[in-house]
1. Which aspartates and glutamates have a Cα less than 14 Å from the Cα of LYS174, not counting those fewer than 8 places away in the same chain?
2. What FRET efficiency comes out for the pair LYS244/ARG284, r = Cβ-Cβ distance, R0 = 22 Å, nearest 0.05?
3. Note down the nm distance, to one decimal, between modelled labels 7 Å out along Cα→Cβ at ARG162 and at LYS230.
4. Could you give the angle, 0 to 90 degrees to the nearest 10, between helix 279-289's Cα long axis and the longest principal axis of the Cα atoms of the chain?
5. Counting only GluC sites (Glu not before Pro) that are in a DSSP loop and have at most 11 other C-beta atoms within 10 Å, tell me the longest site-free stretch of the chain.
6. If you project the alpha carbons of the chain onto the principal axes, what extent comes out on each, in Å, largest first?
7. As a test of the formula, what do you get for the chain when each DSSP H run with n ≥ 4 contributes -39,500 (n - 2.57) and the sum is divided by the residue count, at 222 nm and rounded to the nearest 500 deg cm²/dmol?
8. Against the longest principal axis of the chain, how steep is helix 51-80, in degrees 0 to 90 to the nearest 10, with axes from Cα atoms?
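Just so it is clear, none of the values below were taken in a lab; they were calculated from the coordinates. Here the structure is a predicted model, which means the values were calculated and not measured. Because the Cβ atoms are built from the backbone with ideal geometry, glycine has one as well, and the counts that use them run over all protein chains shown.
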Amino acid sequence: MAHRLGLDIGTNSLGWCLLRLDGDRRPTGIVDLGVRIFHDSRDPKSGTSLAADRRDARSMRRRRDRYLQRRRKLMNALVRHGLMPPAPEKRKALERLDPYELRARGLDESLTPFEFGRALFHLDQRRGFKSNRKSDIDEKEVGKVRQAVTELQRRLAESGARTLGEFLYRRLRKGKTARARPGIGFYPSRAMYEAEFDALWATQAPHHPELTDAAREEIRETLFFQRPLKPVEPGNCELDPSDKRAPLALPLTQRFRMYQELNNLRLIMPDRTERRLTIEERDRLFTKLGCQKTLSFNAMRKCW
């Protein structure tokens, strides 16, 4: 006996009905029917995905693991080039030294190799802000950080401090905090730490023959390494599964999407009838859209 299965697939539910068919494949009765309700995968209050918290926690774990991995690699490089003692207990004793004082004093006078290594290791604790991605970032928050970076640059220029470490050391001597945050008016950038590293190395290198150019490149690369973004591979083409889709950033793909959206537009006439855009109307809007990011409906009407 033939049957027919009907499905009603929604965003949070799936309805089904199994019909019994006769010899002419006409429905003669219902065998069974039902519905399956799926819980919404979003927070009912905020509307955000329930996976967002798990993704944030996973990102924090990965960031912590990469920080510890970079710190171990930097410590091994400092030990190999004679800037840190091999014995862990001796390295632990160096924690009693004030790293801000070493970072300020190292601009004018010679430090011992271990003191210089302590100052470089402290640079790894907070390396400053550097963003290499635009997606999944709150643009308002990034704007606040950039504003705070500009404010810090202005303060550095007014104070006469040559580096960020010297500026923070002066703040500590005045009883102020050295933890820079946007909320207190300044926030360091990665470029400030890189400039301080170069200034410290230029001062200390003439006093220590072990500070070679090869050592500088290895330590600097380890200290300021930032993992590059993984490229997103396009999926397979729907028309030719053996080939890949064109990347969305490809100019040809953007032109195709613009033409596709314009071809889907319909004009509602005064008599409530609808019609497509003519070729001339479409090309006029395409030229306008190619010169700006968005094009509102009011702006489209002004094109005629």
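1. Result set, ordered by chain and number: GLU101, GLU166.
2. On the way: r = 34 Å, r/R0 = 1.53.
The computed FRET efficiency comes out at 0.05.
3. So the label points at ARG162 and LYS230 sit 4.4 nm apart.
4. 20
5. Details: sites that count: GLU109, GLU210, GLU238.
Result, exposed sites excluded: 1-108.
6. The Cα atoms of the chain stretch 96, 58, 43 Å along the principal axes, largest first.
7. Numbers: 11 runs with 140 residues, N = 304.
Theoretical 222 nm ellipticity from helices: -14500 deg cm²/dmol.
8. Computed tilt is about 30 degrees.
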